[in-house]
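Report on the structure given below.
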Amino acid sequence: MRDSAWQSFSAGIKFLKSVASADGFPPEDGPEIAFAGRSNAGKSSAINALFGRKRIALVSKRPGRTQHINYFSMDAGRYLVDLPGYGYAAAPAETRRDWDRLVGGYLRSRQRLCGVVLVMDARHPLARLDRGFLEWLAPTGVPVHVLLSKADKLSRQQAGQTLSQVEGALKRDFHRCTVQLFSSTHATGIREARAAVIALLEAAVHKKPPVKGE
């Protein structure tokens, strides 16, 4: 992957807005790529590592901290969307329902959503909630790139076996999914992940934008 291509997408990244309800979504004037994952799977650390910044996305040892959808604008009219982590059991039931409505409304309604980067803990991949998210997302046809985060917590043999098993499961049960090993701590898989993000964004550029009302 050309590093200059990544720089053209990411150099000007900046926070745009935080959204707590569907009526706060910004106009769809460019392709969007969303980051999703279970609470504490390493999503915020992955975003920061990919963009080479320390605090693009807030990192916390307290799961469930991100409770809104956070929009970031990138150069060339593209957007990064940080979705709230799902499945945080300690959150009140009403709060979890609000998160589900917010994220569900986003994924169902955004016609310029060109891909989802789904972060899973490599030690516990394709857990029930991860599978539920993929099953829910499948009818939208949005492509998914899976980051098996915290891969540094596994031995090389364990990491290779995990990658092979997840690849097989995705091929069997879900469509339009790719997967890789990733570690924000050891900078493992960063170039590969950046290439995947660029591919999703560039594919969106060549698609005809949806016509309002269709």
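The values are calculated or read from the model by the stated rules, or taken from the named source; none is laboratory data. Since we're looking at a predicted model, the values are computed, not measured. Positions of Cβ are generated from backbone atoms using ideal geometry, with glycine treated the same way; all protein chains shown enter the neighbour counts.
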Cβ pairs under 6 Å, 6+ apart or interchain, first in the stretch 62-85 and modelled with pLDDT under 90, second among the hydroxyl-bearing types (Ser, Thr, Tyr) and part of a strand (DSSP E or B), ordered by first then second residue, are 68/18
Collect the residues in the stretch 141-165 that are surrounded by 13 or more Cβ atoms within 10 Å (Cβ to Cβ) and hydroxyl-bearing (Ser, Thr, Tyr), keeping them in residue-number order. 149, 162
Residues that are free of Cβ contacts under 8 Å to residues at least 40 places away in the same chain and over 18 Å from residue 158 (Cβ atoms), drawn from the stretch 107-140: 108, 128, 132, 135, 136, 137, 138, 139, 140
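Report, by residue number, each residue of the stretch 72-87 that is among the hydroxyl-bearing types (Ser, Thr, Tyr) and surrounded by 23 or more Cβ atoms within 10 Å (Cβ to Cβ).
Kept after step one, since they are among the hydroxyl-bearing types (Ser, Thr, Tyr), are these residues of the stretch 72-87: 73, 79, 86.
The answer is 79, and nothing else.
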Given the conditions (1) farther than 25 Å from residue 73 by Cα; (2) part of a loop (DSSP other than H, G, I, E, B), and given that residue 132 satisfies all but one, which numbered condition is not satisfied? (2)
Within the bounds of the stretch 88-97, is there any residue that is in contact with a His (Cβ under 7 Å, 6 or more places away or on another chain) and either crowded, with 17+ Cβ neighbours inside 10 Å or not aromatic (Phe, Trp, Tyr) (or both)? no
With criteria (1) at pLDDT 95 or above; (2) outside any helix (DSSP H, G or I), residue 111 comes up short on (1)
Selection count where residues are surrounded by 13 or more Cβ atoms within 10 Å (Cβ to Cβ) and touching a Phe, Trp or Tyr at 6+ places or on another chain (Cβ under 8 Å), scope the stretch 1-14: 2
